[in-house]
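One structure is given here, and the rest of the page talks about it.
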Amino acid sequence: MSEKKKFNLEYEIKSSPKILYSFLSEPNGLAQWFADDVFYKDQVYTFTWDSEEHKAKLLSSKENKLVKFKWLDDEPQCYFELEILQDELTNDVALSITDFASVDAIEERKLIWDNQIEYLISVLGA
């Protein structure tokens, strides 16, 4: 297996940080755009896609700022982080995503994030 590399993406989101945060941190919010279904118990989120479950531990969260998850079956240094950025002058809100993928899968992973965030924006009505 090739070593995974970290990559970052950033998307402008027309939403308040508080509303956006609920879609990033709450199982109900995540199930509306990120996975088919999401359950949470003991700091572990269970994400379901096409009847296949993937578990991630919540590593950290800061209200209205960020959530950071670690897939339980992934390499130790790998995680994915969703960070809400707000410009102090314009109040524009952006979502910064940090993720890991093998070099040959980064472009595909970016397309997946593009599609997911496009869906999130439509769910937010932004």
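No lab work stands behind these numbers, since they all come straight from the coordinates. Given the structure is predicted, the values throughout are model-derived calculations rather than measurements. With ideal geometry, Cβ positions are generated from the backbone for all residues, glycine too; neighbour counts draw on all protein chains shown.
Residues checked against (1) surrounded by 14 or more Cβ atoms within 10 Å (Cβ to Cβ); (2) among the aliphatic types (A, V, I, L, M); (3) not in a strand (DSSP E or B):
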{"site": "Gly29", "(1), (2), (3)": "yes, no, yes"}
{"site": "Phe34", "(1), (2), (3)": "yes, no, yes"}
{"site": "Tyr40", "(1), (2), (3)": "yes, no, no"}
{"site": "Ala56", "(1), (2), (3)": "yes, yes, no"}
{"site": "Leu59", "(1), (2), (3)": "no, yes, no"}
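Among the residues of the range 79-109, those identified as outside any strand (DSSP E or B) and surrounded by 15 or more Cβ atoms within 10 Å (Cβ to Cβ) are Tyr79, Ile106, Arg109. Among residues of the range 24-37 that are closer than 14 Å to Leu66 by Cα and touching a residue at least 12 places away in the same chain (Cβ under 8 Å), none has a beta-carbon under 7 Å from a residue that is of a type outside the set (S, T, N, Q) and exposed (fewer than 14 other Cβ atoms within 10 Å of the Cβ) at least six positions away or on a different chain. If the condition is being in contact with a Ser or Thr (Cβ under 9 Å, 6 or more places away or on another chain) and under 19 Å from Leu9 (Cβ atoms), then the range 38-68 contributes Ala56, Leu66, Val67, Lys68. Kindly indicate the residue of the range 1-39 that is among the aromatic types (Phe, Trp, Tyr) and closer than 30 Å to Asp92 by Cβ and also nearest to the chain's Cα centre (by Cα) among those meeting that condition. Result: Phe34. You will find that of Leu9, Leu20, the residue that is touching a helix residue (DSSP H, G or I) at 6+ places or on another chain (Cβ under 6 Å) and closer than 22 Å to Ser122 by Cβ is Leu9 and no other.
Filtering the range 85-109 to residues that are within 13 Å of Lys14 (Cβ to Cβ) and touching a strand residue (DSSP E or B) at 6+ places or on another chain (Cβ under 7 Å) leaves Gln86, Asp92, Val93, Ala94, Leu95. Checked against (1) assigned to a strand (DSSP E or B); (2) surrounded by fewer than 14 Cβ atoms within 10 Å (Cβ to Cβ); (3) touching a residue at least 40 places away in the same chain (Cβ under 8 Å), Glu75 meets all criteria but (1). Looking across the range 110-122 at every residue that is under 17 Å from Ser15 (Cβ atoms) and exposed (fewer than 13 other Cβ atoms within 10 Å of the Cβ), the one that is farthest from the chain's Cα centre (by Cα) is identified as Ser122.
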